[in-house]
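Below: one structure, written as structure tokens.
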Amino acid sequence: MSTKTIGSALTAAAVLCSVAACSAETPAGDDCVVRIGSIFSQTGAASVFGVDGERAIALAVEDVNAEGFEVDGRQCTVEYRAEDLASDPTNAAALAQDLVNGFGAQYIFGPDMAAAVPPVATAVQRSGTTMLLSVSTGMDDYTGQGEPFFRLSPPDGAMVSEGYIPAVAAELDGVESIAVLMNDDETGRQLAPVYAEAFAEAGIETVRTEYYDPGSTNFSPIVRRIDRDSVDALFIGYNNDGSAAAIMDAALEAGLPGTFITRGISAQPGVDRADQLDAYTWLILGADPLYPADEAQSAFVERFTEHFGIEAERMTYFPFVHYDYVGMLVQAMQEAGTTTDVEKVSEALRGAAYEGVVQLSFDDDGINTSPMAAGFLRDGDSEVVLFGGN
């Protein structure tokens, strides 16, 4: 794969600037205004991730405007509008229309729910002048097909069969059988057999699959349908930290094995129950705020948590898969020499690599190839195993 390396416009701001320094007055740029919108769940069940996504975009825009940037000789600034999906995909169409037609957004980050992607994508396609960038699994139906759609994490095929599951199987060599617990929605129904196949290829048998209502809070009836003697571990394949924690508590109470393999969930549920578990694994996209890989990531976690008044253990991975993409987008505009021609900006993103707080990259078709990692928590000790990337 050929790769274009794009320098970071935001790394210095993220790592070296104090909050006060990065709050400088926005430079004049009336001749070039870039409009960026976002659709994240700032309220509701998905807000634990959505709030962090919105904050990351807002902070990146603040830093870009403070530092200033030029495109084709013009001094540019960014105007930003955030919309609240409220954890309800039925809101997506109206919010997307408002951003595209009302605000004039040229670039939209989000949504953060797979079911909300199609209506937002439809609005973007009708516009013809807007780019969509989302971490959601729903983007797999749109990316890599020549249109201005970019998923801010690698596709599930790369996550599953090429990296995470083989890494888990190698590290947890005593696990031979699992039960899969998955959201009972379109995405969950699609992902469950994909993971079962990946586990089978890694030598782990899926002996039972249970689907649950995404709004569930009581998981006792579900986990009690699993024969404790038939499984060595549980795989929690979809949803958020709160649901994962509730599933783990119910499973432990039911006497099921204390080994949990998770996807799309942070280290926090495992850390909170470390003394009750045999093993806990989680997929790391970008970086993990509890286990930063270097000084740049540590500095970003410190700045982000101080800026928004939160504790590091309550920060999700979403800031890492959103903050740097604003910088990568700005540099793509600079390389393309335009802020408004999304086709040219898209072409600059395809095959590009970016070194910010984390490493980001797309292949020549626009498919995400950013590095990933698997986190392991056992006997109170943690380990991170890297895989994927260029």
* Scan of the stretch 359-381 for residues that are under 20 Å from Met333 (Cα atoms), touching a helix residue (DSSP H, G or I) at 6+ places or on another chain (Cβ under 7 Å) and surrounded by 23 or more Cβ atoms within 10 Å (Cβ to Cβ), ordered by number -> Leu360, Phe362
* Across the stretch 57-80, what is the number of residues that are closer than 14 Å to Arg35 by Cα and among the small types (Gly, Ala, Ser)? -> 2
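Within 14 Å of Val326 (Cβ to Cβ), part of a strand (DSSP E or B) and out of contact with any Cys (no Cβ under 7 Å at 6 or more places or on another chain), is that true of Ile57?
So Ile57 fails the test.
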* To do: Identify all residues within the stretch 69-81 that are assigned to a strand (DSSP E or B) and open to solvent by 30 Å² or more (accessible area, probe 1.4 Å); write none if there are none.
  => Glu70, Arg74, Gln75, Glu79, Tyr80, Arg81
* Residues being out of contact with any strand residue (DSSP E or B) (no Cβ under 9 Å at 6 or more places or on another chain) and either closer than 26 Å to Gly264 by Cβ or without any contact (Cβ under 8 Å) to a residue 60 or more places away in the chain (or both) - total across the stretch 64-93 -> 10
* Asked: So, in the stretch 298-316, of the ones that are touching a helix residue (DSSP H, G or I) at 6+ places or on another chain (Cβ under 8 Å) and within 26 Å of Phe387 (Cβ to Cβ), which residue ends up most open to solvent (accessible area, probe 1.4 Å)?
  -> Glu313
* **Odd one out for Thr281 among (1) among the hydroxyl-bearing types (Ser, Thr, Tyr); (2) surrounded by fewer than 17 Cβ atoms within 10 Å (Cβ to Cβ); (3) in a strand (DSSP E or B)** => (2)
* Inside the stretch 257-278, can you point out the residues that are open to solvent by 10 Å² or more (accessible area, probe 1.4 Å) and either of a type in the set (Val, Ile, Thr) or closer than 19 Å to Met182 by Cβ (or both)? -> Pro257, Thr259, Arg263, Gly264, Ser266, Val271
* Could you run through the stretch 257-305 and say how many residues are aliphatic (A, V, I, L, M) and closer than 17 Å to Phe49 by Cα? => 8
* Asked: Mind checking whether some residue in the stretch 104-114 is open to solvent by less than 20 Å² (accessible area, probe 1.4 Å), modelled with pLDDT of 95 or more, among the polar types (S, T, N, Q) and not in a helix (DSSP H, G or I)?
  -> no
* To do: Would you point out the residue of the stretch 201-221, among those that are hydrophobic (A, V, I, L, M, F, W, C) and over 19 Å from Ile247 (Cα atoms), that is least open to solvent (accessible area, probe 1.4 Å)?
  => Ile204
* Going through the stretch 233-256 one residue at a time, which ones are of a type outside the set (A, V, I, L, M), open to solvent by less than 20 Å² (accessible area, probe 1.4 Å) and part of a helix (DSSP H, G or I)? -> Ser243
* Qualifying positions in the stretch 168-200 - open to solvent by 10 Å² or more (accessible area, probe 1.4 Å), among the small types (Gly, Ala, Ser) and either assigned to a loop (DSSP other than H, G, I, E, B) or at pLDDT below 90 (or both) -> Gly174
* Go through Ser370, Ser361 for me and flag whichever is modelled with pLDDT under 95 and closer than 17 Å to Asp140 by Cα. => Ser370
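Looking at the stretch 366-382, which of its residues are in contact (Cβ under 8 Å) with a residue 60 or more places away in the chain and over 20 Å from the mean Cα position of the chain (by Cα)?
Of everything in the stretch 366-382, those that are in contact (Cβ under 8 Å) with a residue 60 or more places away in the chain and over 20 Å from the mean Cα position of the chain (by Cα) turn out to be Leu377, Arg378, Gly380, Ser382.
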* To do: Go over the candidates Ala66, Ala94 one by one and state the one that is modelled with pLDDT of 95 or more, under 30 Å from Tyr238 (Cα atoms) and either in a helix (DSSP H, G or I) or open to solvent by less than 40 Å² (accessible area, probe 1.4 Å) (or both).
  => Ala94
* Please give the number of the condition Arg224 fails out of (1) surrounded by 16 or more Cβ atoms within 10 Å (Cβ to Cβ); (2) of a type in the set (D, E, K, R); (3) more than 27 Å from the chain's Cα centre (by Cα). => (1)
* So Ser161 fits all but one of (1) under 18 Å from the mean Cα position of the chain (by Cα); (2) within 30 Å of Phe260 (Cα to Cα); what number is the exception? -> (1)
* Structure fact -> The condition of being assigned to a loop (DSSP other than H, G, I, E, B), surrounded by fewer than 19 Cβ atoms within 10 Å (Cβ to Cβ) and at pLDDT below 50 holds, among Thr26, Thr43, only for Thr26
* Asked: Failed condition for Ser87, given (1) surrounded by fewer than 19 Cβ atoms within 10 Å (Cβ to Cβ); (2) among the hydroxyl-bearing types (Ser, Thr, Tyr); (3) within 26 Å of Gly309 (Cα to Cα), with all others met?
  -> (1)
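The values are calculated or read from the model by the stated rules, or taken from the named source; none is laboratory data. Since the model is a prediction, treat every value here as computed from it, not as a measurement. Don't worry about glycine lacking a Cβ; one is built from the backbone with ideal geometry, like all the others, and counts go over all protein chains shown. When the accessible area is computed, the model is the full protein with side chains, heavy atoms only, and any ligands, DNA or RNA have been set aside. Shrake-Rupley method; radii C 1.70, N 1.55, O 1.52, S 1.80 Å.
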